[in-house]
Amino acid sequence: MEVERFYTIGVALLIGVAVVVFPTLLFVPAPYGRHARAGWGPTVSSRLAWSVMESPSVVLFAWIYLRGDSAWTPVALVLAAAWLLHYVQRTFLFPLRMRATGQRKPLATVAMAFGFNCLNATLNALAISQLAAHDVGWLRDPRFLVGLALFLGGFALNVHSDAVLRRLRGPGETGYRIPRGGLFRYVTSPNYLAEIVEWIGWALASWSGAGLAFALFTFANLVPRARSHHRWYHERFPDYPRERRALVPFLY
């Protein structure tokens with residue numbers, strides 16, 4: 001199958017997955033972390049799960065990206081650096097820093113995430129290194145500049161929010177507490193808000209169908225999960241701050 005046709009079909013598939021995932025997760029929370037429950041088959045440690053399921057976004061992305069004719073052009077290099085900034089952190093650093101003693105993920109969800117990341121990494125690598133038409137002038141385009149600013153701001157918020165959550169547990173501790181500080185003052189899931197902002201920024205900066213499809217999927221995946229988290233905290237903590245919203249300060 002020619003690259004352009006594969007890319008078009010892949011982008012359409014990602015958008016289709018987003019359309020299915022959004023209503024599904026509104027009624028069936030993803031079965032891990034605080035929403036873990038029996039009936040999903042064998043499990044693996046959360047640290048191993050994160051590294052395995054995110055690895056295609058580093059390894060496969062880099063391999064496909066480097067095969068592209070535009071891989072060494074300025075625009076592609078900046079975009080690839082941004083992508084790898086996020087995924088090297090998510091694949092290698094985040095799992096090492098987790099305080100997740102005893103936490104496990106269903107192998108089925110790890111396999112689904114791994115498959116999704118294989119397709120998503122492939123499409124986005126193709127978009128910026130083989131199918132892109134951006135010349136060096138794109139580095140001054142408002143879409144690129146705004147998109148990159150959103151991506152980097154979202155990344156910083158993501159890392160900070162993860163750090164706040166890590167500090168809730170001491171070494172070897174389990175269980176959940178109410179997170180406080182940073183954007184947790186206003187919303188239950190600032191880490192999810194950060195991811196959505198990041199990939200909206202990526203879609204703008206790359207100005208690609210793959211970037212748009214990934215942003216849509218991120219929205220479809222994380223908005224229902226933020227809603228589930230918000231409800232979970234209110235059900236288990238009578239003193240949970242009533243003024244907090246689920247995802248967007250003052251709005252939702």
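The values are calculated or read from the model by the stated rules, or taken from the named source; none is laboratory data. Bear in mind the structure is a predicted one, so any value in this text is a computation, not a measurement. Cβ placement follows ideal geometry from the backbone for every residue including glycine, while neighbour counts extend to all protein chains displayed.
Regarding the range 211-218, can at least one residue be identified that is assigned to a helix (DSSP H, G or I), under 30 Å from residue 130 (Cβ atoms), in contact with a Gly (Cβ under 7 Å, 6 or more places away or on another chain) and among the β-branched types (Val, Ile, Thr)? Please lay out each step first, then the result.
Applying the first criterion (assigned to a helix (DSSP H, G or I)) to the range 211-218 yields 211-218.
From what is left, the residues that are under 30 Å from residue 130 (Cβ atoms) are 211-218.
Restricting the remaining residues to those that are in contact with a Gly (Cβ under 7 Å, 6 or more places away or on another chain) gives none.
Looking through the range 211-218, none of the residues is assigned to a helix (DSSP H, G or I), under 30 Å from residue 130 (Cβ atoms), in contact with a Gly (Cβ under 7 Å, 6 or more places away or on another chain) and among the β-branched types (Val, Ile, Thr).
The number of residues in the range 174-209 being in a loop (DSSP other than H, G, I, E, B), touching a Lys or Arg at 6+ places or on another chain (Cβ under 7 Å) and not polar (S, T, N, Q) comes to 3.
Only one of these is in contact with a helix residue (DSSP H, G or I) (Cβ under 7 Å, 6 or more places away or on another chain) and at pLDDT 95 or above: 58, 44. Name it. Break it down into steps so the answer makes sense when it comes.
On the way: 44 fails: at pLDDT 95 or above.
Step by step, each of 58, 44 is checked, and only 58 is in contact with a helix residue (DSSP H, G or I) (Cβ under 7 Å, 6 or more places away or on another chain) and at pLDDT 95 or above.
If the condition is being in contact with a Phe, Trp or Tyr (Cβ under 8 Å, 6 or more places away or on another chain) and surrounded by 18 or more Cβ atoms within 10 Å (Cβ to Cβ), then the range 80-103 contributes 80, 82, 83, 86, 87, 90, 91, 94, 95. Of the residues that sit in the range 114-136 and are among the small types (Gly, Ala, Ser) and at pLDDT below 95, which one is surrounded by the most Cβ atoms within 10 Å (Cβ to Cβ)? Result: 132.
Restricting the first member to the range 84-113 and to residues that are without any contact (Cβ under 8 Å) to a residue 60 or more places away in the chain, and the second to residues that are part of a helix (DSSP H, G or I) and surrounded by fewer than 14 Cβ atoms within 10 Å (Cβ to Cβ), the beta-carbon pairs closer than 8 Å and six or more apart or on different chains are 95/48. The requirement of being of a type in the set (Lys, Arg) and free of Cβ contacts under 8 Å to residues at least 12 places away in the same chain is fulfilled somewhere in the range 241-250, by at least one residue.
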